[in-house]
Amino acid sequence: MQVILFDLDGTLTDPKEGITKCVQYGMRALGYDEPDLDRLEVFIGPPLHEMFMEYCSFTPSQADRAVEKYRERFRDRGMFENRLYGGIPELLSALRERGLRLGVATSKPWVFAEPILSHFGIREYFEIVTGSELSGERVKKSEVIEEAVRRFGVRKDQVLMVGDRKHDIFRAGEAGVKSLGVLYGYGSREELLSAGAAKLAESVEELSRMLLSEAK
């Protein structure tokens, strides 16, 4: 293992407040109201366009509009309605000291991911940050992972993807890289195991032990 790719939402940071309020804002713009923010946790991680169609039964054009309204609030307020999980900076620092190369692979547009990582003071640990494009390109997580591997210039068997939702795990396998699921985010044990996760970390502390033992 030479490269570790981290998902952002639910793996490095807890974005619940910002994402759920922005999803709610996007829904309301199209006349769909969901007052319970807890029910909107399902939007944390997967591609937004896909989730708006699944959750609200929106047409593709309606989902486009909902994503547009989501981003409107996200740029203004939601981006930093977020918090860093405890122990993440220490983990990233320790991995870098062991000589591992780190990257971020997120379904979120990279133009949002970059300032979030900088805001929390952890951008310096990552060699690259890969995400989707605002134009709608590279939305599928497997495409994001494949692009990250290409930028690092390593073999796929030298890469590990760390994430909290089934699409992180399943799409990593689709892209030909190994994966590790975390349970402190928004995916359940059943979700991650059914997606093909071979290993699960209950906490940031356990994740740290697992990754550092692999780096020896």
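What follows is calculated from the coordinates using simple rules that are stated; it is not laboratory data. Worth saying up front: this structure is predicted, and the values here are computed from it rather than measured. All Cβ positions, even for glycine, are placed from backbone atoms using ideal geometry, and neighbour counts span all protein chains on display.
What is the sum of charges, Lys and Arg at +1 and Asp and Glu at -1, for the other residues whose Cβ falls under 14 Å from the Cβ of Ala63?
Numbers: positive: Arg65, Lys69, Arg71; negative: Glu50, Glu54, Asp64, Glu68.
Taking every Cβ under 14 Å from that of Ala63, the sum is -1.
How would you rank 117-127, 40-50, highest first, on the average number of other Cβ atoms within 10 Å across their residues?
Working: 117-127: 15.9, 40-50: 20.0.
Descending mean neighbour count gives 40-50, 117-127.
Please list the non-local residues whose amide H lies under 5 Å from the amide H of Ser203, H modeled 1.01 Å from N, same-chain partners needing a gap of 5 or more.
Those lying under 5 Å, H to H, from Ser203 are Leu183.
Compute, for the chain, the length of the dipole vector about the Cα centre, with Cβ point charges of +1 (Lys, Arg) and -1 (Asp, Glu) only. Units Debye, rounded to 20. Intermediate values should be presented prior to the final figure.
Values: 31 positive and 36 negative charges, 106 e Å.
Dipole about the Cα centre, nearest 20: 520 debye.
Peptides 157-170, 66-79, 18-31: what's the order by average Cβ count within 10 Å, highest mean first?
Values: 157-170: 23.6, 66-79: 18.4, 18-31: 20.4.
Averaged packing, sorted descending, gives the order 157-170, 18-31, 66-79.
Find the percent of Cα-Cα distances in the chain that exceed 24 Å, and round it to a whole number. If you can, show how the numbers build up before the last one.
Working: 8843 of 23220 pairs.
Here the tail beyond 24 Å accounts for 38 percent of pairs.
Between their Cα atoms, which of Lys21/Lys199; Lys140/Lys178; Lys16/Lys140; Lys156/Lys199; Lys16/Lys156; Lys16/Lys141 are more than 24 Å away from each other? Intermediate values should be presented prior to the final figure.
Working: Lys21/Lys199 32 Å; Lys140/Lys178 17 Å; Lys16/Lys140 21 Å; Lys156/Lys199 18 Å; Lys16/Lys156 31 Å; Lys16/Lys141 20 Å.
In this structure, Lys21/Lys199; Lys16/Lys156 exceed 24 Å between Cα atoms.
Averaged across orientations, what area in nm² does the convex hull of the alpha carbons in region 16-80 project?
Values: hull surface 14.8 nm².
Average of the hull's projected areas for region 16-80 equals 3.7 nm².
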